[in-house]
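The structure appears below as structure tokens.
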Amino acid sequence: MSLPATPKIPFGGDYNPEQWPPEVWKDDYRLFDTARIDTVTVGVFTWALTQPAADVHDFSTLDRIVAEAEEQGRRIVLATGTGAHPAWLARAHPEVTRTDFEGRRHRYGQRHNSCPNSPVFRRLSAEVAGRIAERYAGRPPVIAWHVGNEYGGACYCERCAAGFRVWLRARYRTLDALNSAWCTAFWSHTFSDWEEIEPPSALTEHWRGPDHTAFQGITLDYLRFMSDAMLANFRDEKAAIRRHSPDTPVTTNFMGMYRPIDYHRWAPHLDFASWDNYPPEDAGPAWAALSHDLMRGLKDGLPFWVMEQAPTTTACRDVNPVKRPGVMRLWSWQAVAHGADAVLYFQMRASRGASEKYFGAVINHAGRDDTRVFREVAALGEELERFGDVALGARTPARVALLFDWDSWWTLEISDGPSRLVRYQQVVLAYYRALWEAGVDVDVVAVTADLSGYDVVVAPALHMLKGDLPQRLEDVARRGGSVLATYLSGRVDESDNAFLSDVPGPLGPLMGIRIDEWDARGADVVNPVRLQAGGEVLEAGARLVFELVVPQGAETLGAYGADFYAGTPAVTRNSFGAGHGWYVATGLDQPGVDWVVRQVLAAHGIAGRVPELPCVESAVRVAPDGTRLLFLLNHGDEAVEFAAPAAGVDLLTGARTEQGGTLALAGYGVAVLREDG
């Protein structure tokens, strides 16, 4: 099973006509025609509509919604509606609502409010998904099934406690193995009966919130368990759909770099990956690029869908700036550049009330077609219509891999020491940003991925080492590649126990170093680091964590400039086989990270396409027929000119560009060159 078959990049998004009277629907579709909207996601929150009582099923409204979309010639992504359970369900079965981290049983309200281990919820959610599939399977416009919505959160009720114990029995088999994995000899925590085990919460192992735990192994396993429990919910619904619809692809909308759910564990169960692109307002464009590449990496490089993005403002943050003119188009093309085969929005028409009434939409409350936002969406729709199918199924030819690991994320941030100021996502983003600004195509992959096709593997904050990963990283270097690792890597095993060896554990031979001590300081403390290689020198700053490196064969490329460890290595390079292991022992500032990354890339002749303009992003996709598409995106608000890195025709304007000739991009401008040859 793969992506839905479409003649072009699907364009549209979440449409909730159940919120308005039917007479509004006709006008909406008139506006959809104007904007070239060809795909609608419907039914995302319709459980209370399709099942208004335990023994009543009413599909009349959803029938009209699907019929109207079909009559209007739209493709349909049909949701199961189970992202929030109905009020009658919570009243009849109070146990279906979640118990929070502080031990409070919640009453009905909000969404993502269902206990994933509630037998009632699991049975009824699968039942409603099956009924919807049975009713609408085989309808030609239905090109994909959308299960649930933005899975996340956690529950700590008695049913989850019981489910956790079952999960642990399957994982460890014996209490001896569990006690060893959790190091329960510490603080006399040894368990002698499975029923003694409690979920780690504010009432048991935690203090000062979810990241402060006495037993990291218990908390880590509960994070894994809760991710698996919600995956079981998804699989329940998918199985119910499959009984009636064996061939239509099934997905759910992920949320990029979202900590609670390990998407690598989920990915094999989705027919195609899709996600909701809502970057933090203060994030640069590298944040979305990293998230896109992470989503593409979930399915071995296959294209993904952007299931949601805001056409203008969001409404879920304290401050919600409007997207500047051109940014919505720019971000949409950025998604396509990184592997998106669909560009969809939330939402098509602005909600009348509740928490998303001010969330931006293609059509505002007045239903106008002359707003700036609508005009921009319509212009992009026309552009994508002209663009056609040229990018569908296209792959990214990356020579660089970046490892992203939820277990390392969890273990790093629940660890007591060395520093709670270190955040996994920020470390990863710093190294990805260096690659992004260098104009390098990157595959963001799981630690289990095949690394044999990459010249460079970047492993930021790889706190946990699992399975044969150390050997596979050594293989990369042995055949002539480079492995770049950072501070706080190689610290713990799969159970979050420290390796009984020198830091960085099994990475030590590859990196050619050992680390006996580490210093952690406040964010205001800066230790200067002098970086030097091949006559190139940079004075950088370092913060937060300073590992004290003892070389075991590695050469020093950067040294600390202050404190009692002044003059000792901060950045090293070690010859290993025909390649190298590179290690950064501290939190370098972005210029320092950029310097190190460019040294690694230069060692392999990997060069950026527009290195003189960091604001210009470049990415390549190769279509199934061999067509190379070079995407060039100006993330600055001012026009730029530069030497074209390739010859070809801009598929957005029809203009021809010669390699080395002048290529101009307006502020927030985009070019897509179909390269010659």
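Only the coordinates and a few stated rules stand behind these numbers; no lab work does. These figures come from a predicted structure and were not determined experimentally. Please note: Cβ atoms are built from the backbone with ideal geometry, for glycine as well, and neighbour counts cover all protein chains shown.
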Rounded to two decimals, what ratio of Rg to Rh does the range 538-677 give with C-alpha atoms and a Kirkwood Rh? 1.13
Please compute the length gained on full extension between residue 365 and residue 578, using 0.36 nm multiplied by the number of residues separating them and subtracting their Cα-Cα distance. 70.4 nm
How would you classify the chain from its alpha-carbon gyration tensor, with a ≥ b ≥ c the square roots of the eigenvalues: rounded for a/c under 1.5, else prolate if a/b is greater than b/c, otherwise oblate? oblate
Residue 187-residue 526 pseudo-label distance in nm [points 7 Å out on the Cα-to-Cβ vector]: 3.8
Rounded to one decimal in nm, the spacing of the 7 Å Cα→Cβ label points at residue 105 and residue 211 is 3.2
Length-normalised contact order of the range 478-614 in % [C-alpha pairs under 8 Å, at least 6 apart]: 28
Where a label projected 7 Å from the Cα of residue 641 along Cα→Cβ would reach, residues of the range 297-335 with amide N under 13 Å: none
Based solely on its DSSP helices, what 222 nm [θ] is calculated for the chain when runs of n ≥ 4 H residues each add -39,500 (n - 2.57) and the sum is averaged over all residues, nearest 500 deg cm²/dmol? -9000 deg cm²/dmol
Length gain on complete extension for the stretch residue 92 to residue 471, per 0.36 nm per residue less the alpha carbon to alpha carbon distance? 131.0 nm
Additional length obtainable on full extension of the chain from residue 322 to residue 563, 0.36 nm per residue less Cα span: 82.2 nm
For the chain, what does the relative contact order come out to in percent, with C-alpha contacts under 8 Å and a separation of six or more? 11
Summing +1 for each Lys or Arg and -1 for each Asp or Glu, what net charge is found among the other residues whose Cβ lies under 14 Å from the Cβ of residue 634? -4
Sorting 464, 10, 285 by the position of each Cα along the dipole of the chain (Lys, Arg +1; Asp, Glu -1; all at Cβ), the one nearest the positive end of that ordering is 10
Report, in cubic angstrom per residue, the convex hull volume of the C-alpha atoms of the range 86-216. 149
Relative contact order for the range 110-225: what is it in percent, counting Cα pairs under 8 Å that are at least 6 residues apart? 21
Treating the beta-carbon of each Lys and Arg as +1 and of each Asp and Glu as -1, no other charges, what is the dipole magnitude of the range 219-283 about its Cα centre, to the nearest 20 debye? 320
The set of residues whose placed amide H lies less than 5 Å from the amide H of residue 484, leaving out same-chain residues fewer than 5 positions away, is 457, 458, 459, 582
Going down the list 26/357; 323/357; 238/323; 8/357, which pairs span over 27 Å between their C-alpha atoms? 238/323; 8/357
Given that compact globular proteins tend to follow 2.2 N^0.38 Å, what is the ratio of the alpha-carbon Rg of the range 518-589 to that value? 1.09
